[in-house]
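Down below is the structure, laid out as structure tokens.
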Amino acid sequence: MGFYLGFRGLHQLPEELSPVITPCEFVAALSKAIRAIVDDGQCRSWAYEEAIRAVLQRRPGVAVRAFSRLLSAAPFDHVVYRMLALAQLYAGNPEGAMQNLKISLALSRHGATIAPSLGCALRVHLHGSLARLALLLIHGRLGQRDAARGLALEGLIP
């Protein structure tokens with residue numbers, strides 16, 4: 001962690017030293033968050049693995065039921081909402097998928113605000129980005145250009 005020396009003139013000291021993260025530290029934290037996302041499925045339960053297996057085997061109905069059961073056990077898990085939405089999308093239910101992706105995105109936003117560290121916050125933001133990409137896909141397929149544009153700009157405009 002470095003310190004930002006505010007510029008107040010050539011020979012004047014800043015009023016306070018504000019700790020900041022250096023670019024190298026940020027890239028390292030982001031790389032670690034990406035690795036954690038990739039490894040996330042390996043740290044979950046047997047039931048989660050079965051639900052993922054159903055998606056991979058192109059059995060969307062089985063996957064929807066499996067993720068729905070998981071959701072009843074973990075009602076605030078943004079990853080399960082996102083995976084349920086993808087299973088619903090494969091099962092031909094874009095409206096249900098859109099609803100669950102919006103919940104996943106909202107839970108991700110909230111999770112990022114209470115994350116205990118930069119790495120945790122980045123991981124939650126990455127999960128939210130995956131939900132956002134899937135939502136953009138659905139809005140595009142349903143011809144909802146304004147909704148897709150608003151969703152795309154939402155992450156860019158503070």
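The values are calculated or read from the model by the stated rules, or taken from the named source; none is laboratory data. Keep in mind it's a predicted model, so treat the numbers as computed, not measured. No Cβ is skipped: glycine too gets one built from the backbone with ideal geometry, and neighbour counts run over all protein chains shown.
May I ask you to list the residues in segment 110-129 that are of a type outside the set (A, V, I, L, M, F, W, C), surrounded by 15 or more Cβ atoms within 10 Å (Cβ to Cβ) and either farther than 12 Å from Ile34 by Cα or touching a Gly at 6+ places or on another chain (Cβ under 7 Å) (or both)?
Gly111, Gly128
For residues that are small (Gly, Ala, Ser) and more than 14 Å from Ile138 (Cβ to Cβ), tally how many sit in segment 45-102.
11
Tell me, which residue of segment 107-158 that is of a type in the set (S, T, N, Q) and not in a helix (DSSP H, G or I) is farthest from Cys24 (Cα to Cα)?
Gln144
Only one of these conditions is not met by Arg59: (1) of a type outside the set (S, T, N, Q); (2) under 18 Å from Ala33 (Cα atoms); (3) without any contact (Cβ under 8 Å) to a residue 40 or more places away in the chain. Which number is it?
That leaves (2) as the condition not met.
State whether one or more residues within segment 12-25 are under 29 Å from Asp77 (Cβ atoms), surrounded by fewer than 13 Cβ atoms within 10 Å (Cβ to Cβ) and either at pLDDT below 70 or touching a His at 6+ places or on another chain (Cβ under 7 Å) (or both).
No, segment 12-25 has no match at all.
Look at Arg35 and say whether it is loosely packed, with under 15 Cβ neighbours inside 10 Å, of a type in the set (D, E, K, R) and at pLDDT 85 or above.
no
Report the residue count in segment 55-103 for those that are of a type in the set (Ser, Thr, Tyr), in contact with a helix residue (DSSP H, G or I) (Cβ under 6 Å, 6 or more places away or on another chain) and over 21 Å from Ser129 (Cβ atoms).
0
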